[in-house]
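The values are calculated or read from the model by the stated rules, or taken from the named source; none is laboratory data. Since we're looking at a predicted model, the values are computed, not measured. In this analysis, Cβ positions are derived from the backbone assuming ideal geometry, glycine residues included, and neighbour counts consider all displayed protein chains.
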Amino acid sequence: MKFNLFLLKFFISYSILFPLTADEKDMFNIPSQLLLDIGKEVYFSKSSDSCAKCHGDISSLDIVNKDMDKSADLKDPKTWVVYKALGGELKKNENPKKFEKHLNSIIINLITYGANDWNRKFYSNASKEYGFNWNRVEGKQQYDGQMKGIKIAIAKNILKKIDRTLKKEGYKINRKNLENIAAISVYRYVENQFR
């Protein structure tokens with residue numbers, strides 16, 4: 001009961017524009033391995049818009065079966081648009097914790113809402129608050145609309161599966177928070193595959 005009241009208070013005070021960062025995953029007290037398992041489930045979901053559809057099987061050494069040649073190499077964050085748009089290695093070296101916090105926030109938003117919503121709703125804040133700048137990324141002025149995000153309609157099935165998994169493990173999570181958990185989990189799964 002205390003835990004649920006704490007979650008309610010936390011989410012009421014937290015702006016809808018800023019879903020949980022990767023560091024805030026601990027608010028749910030979900031073990032890391034369970035988050036990784038959920039993340040893998042989301043990444044490989046049976047959907048035409050799954051992460052694996054465009055980015056390939058990042059758990060494999062061979063990723064040549066990617067559907068899109070221009071999709072990000074998820075094993076190497078230094079190649080990511082967000083990494084470059086935030087200022088890359090130079091900005092990261094100035095303040096590593098701040099850089100990582102900004103990177104995580106943007107990635108979680110992108111995974112949750114998809115490229116089209118991120119470009120429309122989050123870009124302005126990311127440029128003002130985090131110094132996100134498209135001019136640092138050659139040939140890019142927005143995220144590719146192929147990145148659908150967790151909030152797409154067909155994601156409902158995977159969210160139901162996550163809800164069942166969490167309940168089976170003894171976690172009662174408000175359904176409104178499942179998208180954040182899914183996004184954080186898939187990001188944790190991707191991080192676990194870094195080179």
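For every residue, the table says whether it meets (1) of a type in the set (D, E, K, R); (2) surrounded by fewer than 16 Cβ atoms within 10 Å (Cβ to Cβ); (3) under 18 Å from TYR83 (Cα atoms).
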residue	(1), (2), (3)
ALA126	no, no, yes
GLY149	no, no, no
LYS160	yes, yes, no
THR165	no, yes, no
LYS172	yes, yes, no
ILE184	no, no, yes
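Each residue in the stretch 138-153 was checked for being within 23 Å of GLU89 (Cα to Cα) and within 19 Å of the chain's Cα centre (by Cα), and 2 of them qualify.
Of the residues LYS160, LYS156, only one is modelled with pLDDT under 90, among the charged types (D, E, K, R) and more than 15 Å from the chain's Cα centre (by Cα); which? Matching residue, one of LYS160, LYS156: LYS156.
Within the stretch 135-147, the set of residues being surrounded by fewer than 17 Cβ atoms within 10 Å (Cβ to Cβ) and either assigned to a helix (DSSP H, G or I) or of a type in the set (S, T, N, Q) (or both) comprises ASN135, GLN141, GLN142, GLN146. For ILE16, indicate whether it is modelled with pLDDT of 55 or more, over 25 Å from GLU169 (Cα atoms) and β-branched (Val, Ile, Thr). No, not satisfied.
Among the numbered conditions (1) crowded, with 16+ Cβ neighbours inside 10 Å; (2) at pLDDT below 85, the only one that ASP69 does not meet is (1). Across the stretch 116-137, not a single residue is classified as within 15 Å of the chain's Cα centre (by Cα) and of a type in the set (Val, Ile, Thr).
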